[in-house]
1. Is it true that some residue in segment 77-93 is without any contact (Cβ under 8 Å) to a residue 40 or more places away in the chain, open to solvent by less than 20 Å² (accessible area, probe 1.4 Å) and more than 15 Å from Ala33 (Cβ to Cβ)?
2. When the residues of segment 225-236 are narrowed to those that are at pLDDT 95 or above and not in a strand (DSSP E or B), which ends up nearest to Thr259 (Cα to Cα)?
3. Name the residue, out of Gly99, Gly121, that is closer than 25 Å to Leu146 by Cα, among the small types (Gly, Ala, Ser), touching a residue at least 60 places away in the same chain (Cβ under 8 Å) and touching a strand residue (DSSP E or B) at 6+ places or on another chain (Cβ under 7 Å).
4. Here are some residues: Asp341, Asp350. Which one is farther than 22 Å from Leu203 by Cβ and charged (D, E, K, R)?
5. With respect to Asp278, is the statement that it is under 19 Å from Lys234 (Cα atoms), of a type in the set (D, E, K, R) and not in a helix (DSSP H, G or I) true?
6. For segment 110-224, give me every one of the strands (runs of 3 or more DSSP E) that falls completely inside it and has 1 or more residues that are open to solvent by less than 50 Å² (accessible area, probe 1.4 Å) and under 30 Å from Thr259 (Cα atoms).
7. Before we move on, is Ala325 among the aliphatic types (A, V, I, L, M) and either farther than 29 Å from Gly258 by Cβ or modelled with pLDDT under 95 (or both)?
8. Does segment 281-314 hold any residues that are assigned to a strand (DSSP E or B) and of a type in the set (Val, Ile, Thr), and which are they?
Amino acid sequence: MKTKIQLFALMFAFVAGITLFSSCEKDENGYSAASGSPSPGTIDPGQAAGNEVLTLTGSGIGGVTSVIFEKDSVEATFNPNFNTESAIIFRVPSDAIPGQQNIIFKNSKGVEFKVPFKVLGLPAVLSVSNYNFVKDGEIVLTGKNLGDVSSVVFQGTTTPLTVVSKTATTLTLKMPETTFAQAKLEITNEAGKITTTQEFVNLDNAFHIFTDAYGAGIDNGSWGPAEVTTTVAKTGTSSFKAGYNKGNWSADGFANWGTGIEKSADFKYFSFWVKGADRDLTFYITGDKKAGGDYGNSDRTTPITVPANVWTYFKLKISDVGFWANGNSMQRMGWWIPGPDDADAVIYFDDVIFIK
């Protein structure tokens, strides 16, 4: 009797060993054994951004040959040697589309199974309504993954910006009072924190040539028809309307007929917004102390192309413009054009400043 029991035990152990070996063996492609009826559990973590490592647990989930994120069918990479019948390790693709979606797994038997998951996307700012701001003014950022933004501060500070409203593609911010000249923004959402490539300029701390009106000591220094107008404006209610008559060699801009605009080591950039005419035109920045000589001469060292009918932002290094190459006090500066030869042109300038 004892011998029969021992023989039965040996046979049971042998069968169990074969079963265990079969469950752990790999197929010819190196994948863990696939099941005809996989039973997936949950993914840890339940939401993540691109490149983060995920683990799916369950039973019978071996032999996976592909992992696809459902939105736009983005494929995830994984190493089959790290996967078993009860766990699959893989990464969120860097180009996975943010949002709630299924992850689709397929095994070597051709069986598919799905598990819900939320891909998190870092904020992305693609354009801005303005680069310049004043206290309590509003700026609209346009981009991606902005609907879950939880914090916006100036880079390197804890100064918060008030989020007035937000959608997946827009973020409206109310600007606080600040003491610096310009800074980037740090924006945080569920996926993490980014720093904008765009820099935002504090108009209150800039040197004003023209904003809603002429700056201190500044006046109209134009050859052609030019004036302050409320017809259009980029910031506030006014802009500087500059007219260029057909066939003329025109220069329009600003002047300080008294002490002039003194050169300052604090000035880092010359910036302005300009709304183009009815066609694209090329203008040249001029100044009476530039290396080329007098205001409105033939100096073409600093050209700008102004697109038609839209506001365009320009920000140039002071060293590249060379306003004070021939002296430390500039009385006149502006934009000239040889012509225009085909027709009159009217453009509008706003927020003409030196950034410190």
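1. Scanning segment 77-93 turns up at least one residue that is without any contact (Cβ under 8 Å) to a residue 40 or more places away in the chain, open to solvent by less than 20 Å² (accessible area, probe 1.4 Å) and more than 15 Å from Ala33 (Cβ to Cβ).
2. Step by step, filter segment 225-236, then rank; the result is Pro225.
3. None of the other options fit; the residue is Gly121.
4. Every option except Asp341 fails the conditions.
5. It is true that Asp278 is under 19 Å from Lys234 (Cα atoms), of a type in the set (D, E, K, R) and not in a helix (DSSP H, G or I).
6. Fully inside segment 110-224 and qualifying: 200-202, 207-210.
7. no
8. Within segment 281-314, Thr282, Ile285, Thr286, Ile304, Thr305, Val306, Thr312 qualify.
The values are calculated or read from the model by the stated rules, or taken from the named source; none is laboratory data. Quick caveat, the model's predicted, so the values are computed rather than measured. Don't worry about glycine lacking a Cβ; one is built from the backbone with ideal geometry, like all the others, and counts go over all protein chains shown. These accessible areas exclude ligands, DNA and RNA; they are computed on the full protein's heavy atoms, side chains included. Shrake-Rupley method; radii C 1.70, N 1.55, O 1.52, S 1.80 Å.
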